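What follows is calculated from the coordinates using simple rules that are stated; it is not laboratory data. Quantities reported herein were computed from a predicted structural model and do not represent experimental measurements. Note that each Cβ is placed from the backbone with ideal geometry, even for glycine, and that neighbours are counted across all protein chains shown.
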């Protein structure tokens with residue numbers, strides 16, 4: 001029995017064989033496996049992602065995160081010595097200044113200058129933050145930083161993916177639009193444009209929110225006591241059309257189904273702040289764990305997450321702790337593929 005007031009991160013541990021960590025996305029996208037879980041009973045069925053259409057009903061609403069991943073990992077050299085440096089751009093702070101991670105960090109002292117892409121992009125360290133991250137001011141030889149990153153940048157794949165990604169677009173959803181994420185909202189990677197069109201033809205509405213996924217998504221929970229963990233901050237935006245579709249869906253008895261934990265966190269953050277989902281933008285540090293009372297969600301599409309992560313805690317809050325851990329044990333037994341390029345689950 002889980003003690004909600006004294007949860008330990010070890011409560012959310014499960015054994016995962018290394019070979020079940022997906023190194024490549026499924027081809028085609030919607031051929032991934034789909035574990036379908038009844039939220040009330042915990043009963044489990046096995047299908048494929050293209051079978052999702054059969055589980056949706058006219059009047060339902062799918063909410064997707066349209067954030068687009070920045071090819072934010074760049075390799076260059078220090079301007080004066082030519083020694084190697086790696087930058088990972090985390091968040092734009094002003095027109096030309098970004099918060100970054102860099103390695104080796106000892107080379108990135110205040111005032112240090114770096115060159116990337118043979119001079120197409122230059123940077124100077126203008127600040128050092130408490131956590132060791134840097135602030136860097138960038139300049140480009142032509143175009144803008146986004147066009148240069150598209151040319152020279154690499155996708156910031158999570159550390160458990162060790163094989164090279166040949167096609168950058170496979171770490172983007174087919175509906176990605178708003179550039180700004182450090183990681184993909186991976187539950188959406190399974191959708192194809194044809195599948196989305198079919199869903200809309202069925203009378204299921206599709207709406208979008210934007211939440212720029214930060215690298216905090218991959219940071220482990222360090223505190224043993226779950227309630228002592230401090231969440232990272234991420235920027236979100238909810239358009240007026242999305243807020244109105246959620247209101248209509250609820251009023252007409254339809255289900256609001258979030259695609260991904262990022263969409264879930266956006267909707268529940270706004271509802272917690274304003275009492276309902278309204279058109280707005282802001283930052284959220286919401287931490288969803290067992291005991292949380294959901295105000296918006298009726299369903300969730302999500303991938304299989306790391307042991308002891310805040311994401312498996314969120315799923316446990318929605319599905320229930322015992323049902324979640326049983327679903328993960330089943331996924332291991334049935335050899336589902338895990339994490340960013342892995343398979344999905346539908347909880348309704």
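As a footprinting exposure proxy, order 48, 235, 305 by other Cβ within 10 Å, with the fewest listed first. All intermediate terms of the calculation are to be shown ahead of the outcome.
On the way: 48 15, 235 19, 305 23.
Ascending number of Cβ neighbours within 10 Å: 48, 235, 305.
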What is the Cα radius of gyration of the stretch 178-240 over 2.2 N^0.38 Å, N being its residue count? 1.51
Part-to-part distance (alpha-carbon centres) for the stretch 126-144 and the stretch 196-215, which is given in Å: 33
So for the stretch 1-123, considering every pair of alpha-carbon atoms, how many percent are separated by more than 20 Å? 70
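Taking all pairs of distinct Cα atoms, average 1/r, flip it, and tell me the Kirkwood hydrodynamic radius of the stretch 73-152 in Å to one decimal place. Let's see the in-between values first.
Working: mean 1/r = 0.0813 Å⁻¹.
Kirkwood hydrodynamic radius for the stretch 73-152: 12.3 Å.
Between residue 24 and residue 55, what is 0.36 nm times their sequence separation minus the Cα-Cα distance? Round to one decimal in nm. Intermediate values should be presented prior to the final figure.
Values: separation 31, 0.36 × 31 = 11.16 nm, distance 2.65 nm.
Additional length available on full extension: 8.5 nm.
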For 98, 13, which order do you get if you count the other beta carbons within 10 Å of each Cβ and list the fewest first? 13, 98
May I ask for the Kirkwood hydrodynamic radius of the stretch 128-212, worked out over all distinct Cα pairs and given in angstroms to one decimal? 16.0
Using only the Cα atoms of the chain, each taken as one equal point scatterer with no solvent, compute I(q) by the Debye sum, divide by I(0), and report log10 of the ratio at q = 0.10 Å⁻¹. -0.62
Please rank 312, 128, fewest neighbouring Cβ atoms within 10 Å first, as an exposure proxy. 128, 312
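Using 0.36 nm times the number of residues separating residue 227 and residue 2, minus their current alpha carbon distance, what extension gain do you get?
Numbers: separation 225, 0.36 × 225 = 81.00 nm, distance 1.36 nm.
That pair, residue 227 and residue 2, stretches by 79.6 nm at full extension.
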Distance in nm between pseudo-label sites at residue 168 and residue 293 (7 Å out along the Cβ direction from Cα): 4.6
Between residue 106 and residue 41, how many nm apart are label points set 7 Å from Cα along the C-beta direction? 6.2
Between the stretch 331-348 and the stretch 147-187, how many Å separate their Cα centres? 21
